[in-house]
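The values are calculated or read from the model by the stated rules, or taken from the named source; none is laboratory data. For clarity, every value in this text was computed on a predicted model and none was experimentally measured. Heads up, the Cβs are rebuilt from the backbone with ideal geometry, glycines too, and the neighbour counts pull from every protein chain shown. For accessibility, only protein heavy atoms count, side chains too; no ligands or nucleic acids. Shrake-Rupley method; radii C 1.70, N 1.55, O 1.52, S 1.80 Å.
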Amino acid sequence: MQQRDNHSKLIGYLLWLFGFLGAHRFYYGKPVTGTIWFFTLGLLGIGWLIDLFLIPGMDRDADLRFHSGAIDYSVAWLLLTFLGIFGVHRMYQGKWLTGLLYLLTGGLFLVGVLYDFWTMNQQISLRNASRPG
């Protein structure tokens, strides 16, 4: 079986720098623990430090769980993380209407951005699975 590399360790480690807010956990498809990290500052920094060593495993699991394809997970996650309120990550996925809605409403008043943090990997995986190559 061919190993898919749809998530990047480099991006994972870059997001880990903000990991006390759970960014890397959301990126690797772990929204529940990402939310816990957000509200506890990475389990008071202890979980954040431990994650330094867990990222390769989280990367491997994400590569196996989610479909590769035309939409790049790393690009979408960087757009969501840094430009989420402007909807650029949605436009990148071809969701122009909701992207414009996010642009006009500040990411649906941040609720839409939070929703996308929880569901971004599934959104991309579904789009990639439904598109040829």
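Length available on full extension from Lys95 to Arg65: 0.36 nm per residue minus the Cα-Cα distance, which gives 8.5 nm. Seen from every direction in turn and averaged, the convex hull around the alpha carbons of the chain projects onto 7.7 nm². Calculated FRET efficiency, Phe109 to Asp72, Cβ-Cβ distance, R0 = 35 Å: about 0.80 to the nearest 0.05.
Scalar couplings 3J(HN,Hα) for segment 28-36, obtained by applying the Karplus form with A = 6.51, B = -1.76, C = 1.60 to θ = phi - 60°, are 8, x, 10, x, 5, 6, x, 5, 4 Hz; x denotes Gly and Pro. Computed over protein heavy atoms with a 1.4 angstrom probe, the accessible surface ordering of Ile46, Ile36, Ile124, largest first, is Ile46, Ile36, Ile124. Among the protein heavy atoms of the chain, carbon and sulfur supply 76% of the accessible surface, probe 1.4 Å, non-protein parts ignored. Couplings for segment 7-13, taken from phi via the Karplus curve 6.51 cos²θ - 1.76 cosθ + 1.60 with θ = phi - 60°, read 10, 10, 5, 4, 5, x, 6 Hz in order; Gly and Pro are left as x. Between the C-alpha center of segment 1-57 and that of segment 88-125 there is a gap of 21 Å. Taking other residues whose beta carbon is less than 13 angstrom from the beta carbon of Leu64, and scoring Lys, Arg as +1 and Asp, Glu as -1, yields -1. Per residue, segment 70-111 exposes 53 Å² of solvent-accessible protein surface, assessed with a 1.4 angstrom probe and all protein chains in place.
Rounded to the nearest 500, the 222 nm mean residue ellipticity of the chain from helices alone is -22500 deg cm²/dmol, with -39,500 (n - 2.57) taken per DSSP H run of at least 4 residues.
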